[in-house]
1. Can you list, bin by bin at 5 Å, the percent of alpha carbon pairs in the stretch 83-214, starting at 0?
2. At q = 0.21 Å⁻¹, what log₁₀ I(q)/I(0) does a Debye calculation on the Cα points of the stretch 158-297 give, no solvent, two decimals?
3. Considering only DSSP beta bridges with both partners in the chain, what is the antiparallel share in %, to the nearest 5?
4. Find which of ALA141, GLN197, VAL282 sits farthest along the positive direction of the dipole of the chain, computed with +1 on the beta-carbon of Lys and Arg, -1 on that of Asp and Glu, about the Cα centre.
5. Please give the Cα centre distance for the stretch 222-237 versus the stretch 282-351, rounded to the nearest Å.
6. Count the lysine pairs in the chain whose Cα atoms lie under 29 Å apart, taking only pairs 8 or more positions apart in sequence or on different chains.
7. When the Kirkwood radius is taken over all Cα pairs of the chain, what Stokes-Einstein diffusion coefficient follows at 4 °C and 1.567 mPa s, in µm²/s?
8. I need to check one value: relative contact order of the chain, counting alpha carbon pairs closer than 8 Å and at least 6 residues apart, in percent.
Amino acid sequence: MEHDRSTLQQSDVRGRGADAGEAVVPGLLRVLCAGSAMATALPLDGALLLGRGAAALGTDQDPRMSRSHAQVRYDGRRFWVTDQGSQNGTFVDGAPLAAGTPREAQRVIRMGDSLFIPCPDVGPVARRGVARTRDFVRGPAMQQLLELVSRTAEHGFTLHIHGESGTGKEGVARAFHERGPRASGPFVAVNCAAIPQGLAERLLFGARRGAFSGADDAEGYLQAADGGTLFLDEVAELDLGVQAKLLRALETREVLPLGGSKPRKVDVRVCSAGNKDLRAQVASGRMREDLYFRLGRPEADLPPLRRRPEELPFLVERFLEEVGSRLPVHVSFHEACLLRAWPGNVRELRVEVRSAAHEALLHEAPRIEARHLSLTAGTVFGPPPPAPVAVAPSTSEQSPARGKPLDEAERARLEDALRANGGNVAATARALGMHRTQLRRLLERHGLAGSGEG
């Protein structure tokens, strides 16, 4: 396995973005200073000594950092941190660092009330920063992806969005609608996975009075989206027969309602989405090949939250504002969030941040800390954590998980976490918020292997 130690990875936007050809600049991303979210790139040429008053930190100074706090060195492959005997200590990937002892940093470095992310290329953040409004937070990868979406919309193409659950596919679909020639028309969002199989045809194409017992004239989603955009989330979940009728409607730009005899002309732009690879769905017989060729290209890959860590502190601030929390947030809470994989992405982060705020309020805590975050928040789904008593590992014949179908999304998250942590089992377990034994069982189940305990 080729190890990718980056904690900040730009999404593959299936095209040449504005950053193509730019020089790679290794360094640190400063994402928190004295309790405030930020996104500042600190280029690293060899070694950098950080502390209160350091010129590299500019005007954003942290009073809890010592004047000579810690040195960070990049050797061309890895980042090494050495505490300089600081008063408030240095933490590397959530663990305290002894003074004078270098340790490799893979995910996050804490100095005082500041957090830094080691990153092989800080150029995208230096050039683009993190765009923030009341409605969204977008780092470089999302900004580049939305540029692709805008170009696709302007040229009148369809668009398929691929991304994990909770990454914000509908938000990207709305951007596709708003930046296209039909922005003034309706935007109709349909979750195909939630449509009962027997109702899909009626809901999509409409019905005429008498088509079935109790039927009245009713327009479908395609008619409702006439002159605008129809967003089909989880489109591969539609029945194959419904897919065939959908393809014909898109090709002819005509919709024949259930029980109708005359088709109706419709002018609809289609944007589809899914969390599974469409080509794999075609290969497995769950999606028609001809519909794939109509909807599957161009495709935009929406990066998961774990590949956009520069956005996370801003999102935490935003979600706390949504619940009206006025409690200060301790640096340990942001650090704990950055160390977790968040398989449910932004949707999961929102729920867990709100839950942590409520937990702190219920216990009348003076601030929100890492201890208020649920132990399972942001962790990969799998078997329950083992009891603290040491238990001999079960044989493969005894393992109940062997008979269960493997979860492809879970395997992908494990592979991504292993790459981000250089294949180190102990570091990967910390990043995922689980015990090493639990991680080993998951790796064994998926036929994966780490490089050691570290």
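1. Whole-percent P(r) values from 0 Å outward: 2, 7, 12, 12, 12, 11, 9, 9, 7, 6, 5, 3, 3, 2, 1, 1, 0.
2. -1.34
3. Numbers: 38 of 60 bridges.
Taking every DSSP beta bridge with both residues in the chain, the antiparallel ones total about 65 percent.
4. Checked the options; the winner is VAL282.
5. 23
6. Details: LYS169/LYS245; LYS169/LYS265; LYS169/LYS276; LYS245/LYS262; LYS245/LYS265; LYS245/LYS276; LYS276/LYS404.
Qualifying lysine pairs in the chain: 7.
7. Working: Rh = 24.3 Å.
Reported coefficient: 53 µm²/s.
8. Working: 907 pairs, mean separation 71.1, N = 454.
Worked out over the chain, it gives 16 percent.
Here, each number is a calculation from the coordinates, and none is a lab measurement. Remember, it's a predicted structure, so these values are computed and weren't measured experimentally. No Cβ is skipped: glycine too gets one built from the backbone with ideal geometry, and neighbour counts run over all protein chains shown.
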